[in-house]
Amino acid sequence: METAVVLLLSVLLVSSCRGEDFCKGKTCPAFTVIERNQVGLRSGQAGRRSPKESRKVTSVLLCLQNYEIHEFVPTTWIRTKVAGTSDSDFLNANGRLKSFVKNGETRLDNTWPVLINHTKDDHLWLCWFVPPNTQLSAASSSVEIFHLPSSTFYIRNFGGIPSVQSGKSNAAKLLSDLERICSNLDSVEYSGAGYDSFWALKHHNEVWINQDSSC
C-alpha cells in the first residue's frame, strides 16, 4: 500500500514540478529544453521510535528546484522603460504598452509571458511578447519594438506574487546554482517572466539569464 502511495505521489510531484501548462492556452515563445536540472524527486525517510525502539519508516518525496536551459527561437517584443520600482511606475509603463497596442489595433492580450528586463546599466524595461506574423505599428517615442535573436537562457522557476525584489533574489540564487560570482547584481542583465495576472491565486514566475551574459 505504501509503495502505491509513493508511486502516485511521484507522478503528481513530477507534474507539479514541471509546470507544463503555465501558458494556460495562451501563445508563448517557442523553445527547446536543452538541459533540465530543475525537476527531480529525492526520496528520504521520516519516522519515529516506539517504546520498543522499533522504527516506522515513511518515504518522503521532495521536489528539487534548480534550473533548466532553454533555447528560444527568434522572438519579437514591445518594450517601454520603467522609471522606477514603485507600483505607479509599473502601472504607467503598462499603460503605455496598452495605448501602443490599442492605437495600432493589435491584440496582445492572449500571450505570455510579461517580462521585466533588468539591464547591465541598472535600468528596467517592461516587455510584452508579440506572436509570430503579427503586424505592428511603427514604434513610438516611448515604446520600442525589440527583436531578440535565437538565444539560450538559464531559467529558474519561483512562485508567489512577482516583484522586482523577488526577481532579483531569484537571479542571485540562479547565479549561485551556476557557480557564478557576481559582486554587484545591479550590473547583471536578467529578466523576470510572469505567466499570470496579478490577482491569480497561484503564480508561475521565472528568472532568465542569457547563457552569453557576464557579470
Inset, instruction - Quick one: count up the residues across the range 139-161 that are under 18 Å from Tyr195 (Cβ atoms) and of a type in the set (Ser, Thr, Tyr). - result: 1
Legend entry - Criterion (assigned by TED's automatic domain parsing to the domain that holds Tyr190 and either touching a residue at least 60 places away in the same chain (Cβ under 8 Å) or surrounded by 12 or more Cβ atoms within 10 Å (Cβ to Cβ) (or both)) met by exactly one of Asn94, Asn133: Asn94
Inset, instruction - Of all residues in the range 164-215, count the ones that are touching a Ser or Thr at 6+ places or on another chain (Cβ under 9 Å), surrounded by 17 or more Cβ atoms within 10 Å (Cβ to Cβ) and in a strand (DSSP E or B). - result: 7
Legend entry - Test result for Thr85, in a loop (DSSP other than H, G, I, E, B) and either assigned by TED's automatic domain parsing to the domain that holds Ser140 or modelled with pLDDT under 95 (or both): yes
Inset, instruction - Please identify the pairs in which a residue from the range 140-151 that is charged (D, E, K, R) has its Cβ atom under 6 Å from the Cβ atom of a residue that is surrounded by 15 or more Cβ atoms within 10 Å (Cβ to Cβ), counting only partners at least 6 apart or on another chain. - result: Glu144/Arg79
Inset, instruction - Kindly indicate whether Glu206 is in contact (Cβ under 8 Å) with a residue 60 or more places away in the chain, over 12 Å from the mean Cα position of the chain (by Cα) and within 28 Å of Asp109 (Cβ to Cβ). - result: no
Legend entry - Of the criteria (1) surrounded by 15 or more Cβ atoms within 10 Å (Cβ to Cβ); (2) not in a strand (DSSP E or B), which one Asp109 fails: (1)
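The values are calculated or read from the model by the stated rules, or taken from the named source; none is laboratory data. Computed from a prediction, not measured in an experiment: that's the story for all the values here. We place every Cβ from the backbone using ideal geometry, glycine too, and count neighbours over all the protein chains shown.
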